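The values are calculated or read from the model by the stated rules, or taken from the named source; none is laboratory data. Bear in mind that the values here come from a model prediction, so they are computed numbers and not experimental data. Counting neighbours? That spans all protein chains shown, and the Cβs are built from the backbone with ideal geometry, glycine included. Note: accessible area is taken over every heavy atom of the protein model, side chains too, but ligands, DNA and RNA are not part of it. Shrake-Rupley method; radii C 1.70, N 1.55, O 1.52, S 1.80 Å.
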Amino acid sequence: QVQLVESGGGLVQAGGSLTLSCAASGSIFSRNVMGWYRQAPGKQRELVAAITSGGSTNYADSVKGRFTISRDNAKNIVYLRMNSLKPEDTAVYYCNTRPAAGFLWGQGTQVTVSS
């Protein structure tokens with residue numbers, strides 16, 4: 001069964017850091033661009049960062065310089081290191097391919113940043 005499982009979220013104070021992990025099963029990981037997305041209450045889901053199989057990355061303007069996406073192709077895991085967190089980063093974070101595949105959306109992991 002192909003699925004993605006996110007973990008690593010939590011409650012952190014503004015200025016703090018978290019590292020999210022996304023473990024992929026099946027054959028979806030190795031050749032696909034992988035992305036981290038987030039959805040804040042009352043807002044649409046947005047792409048936060050993406051990484052190609054070769055390691056090229058791109059970021060939303062709102063997180064540039066603060067977030068770092070990486071991947072371990074041997075372990076089928078993609079990471080999101082989040083530094084200097086702000087209250088506006090509060091959201092449920094999801095990983096998926098880029099472009100996203102509807103059937104791969106998981107439960108996500110909640111990140112809450114207190115001011």
What is the distance, in nm, between label points placed 7 Å from the Cα along the Cα-to-Cβ direction at Thr52 and at Asn73? 1.2
Mean projected area (nm²) of the alpha-carbon convex hull when the range 1-56 is viewed from all directions: 5.3
Would you mind getting the accessible area per residue of the range 1-61, heavy atoms of the protein chains only, 1.4 Å probe, in Å²? 54
The farthest towards the positive end of the charge dipole of the chain, of the residues Gly9, Gln44, Asn96, given +1 on Cβ of Lys and Arg and -1 on Cβ of Asp and Glu, is Asn96
Treating cross-link reach as a plain straight distance, find the lysines whose alpha-carbon is under 16 Å from the alpha-carbon of Lys64, omitting any fewer than eight places away in the same chain. Lys86
Bridge type composition, the chain - antiparallel percent by DSSP, nearest 5: 90
May I ask for the percentage of alpha-carbon pairs in the chain that lie more than 23 Å from each other? 21
Carbon plus sulfur, as percent of the 1.4 Å-probe accessible area of the range 46-109, comes to 46
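I'd like the trypsin sites (Lys or Arg not before Pro) in the range 2-67 restricted to DSSP loop residues with at most 15 other Cβ atoms within 10 Å, sorted by number.
Details: sites: Arg31, Arg38, Lys43, Arg45, Lys64, Arg66; in loops: Arg31, Lys43, Arg45, Lys64, Arg66.
For trypsin sites (Lys or Arg not before Pro) across the range 2-67 that sit outside H, G, I, E and B with at most 15 neighbouring Cβ atoms in 10 Å, the list reads Arg31, Lys43, Lys64, Arg66.
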Relative to the Cα centre, what is the charge dipole magnitude of the chain, using +1 at the beta carbon of each Lys and Arg, -1 at the beta carbon of each Asp and Glu, and rounding to the nearest 20 debye? 140
Amide N proximity, the range 37-80 versus Ala101 label position 7 Å along Cα-to-Cβ, cut-off under 11 Å: none
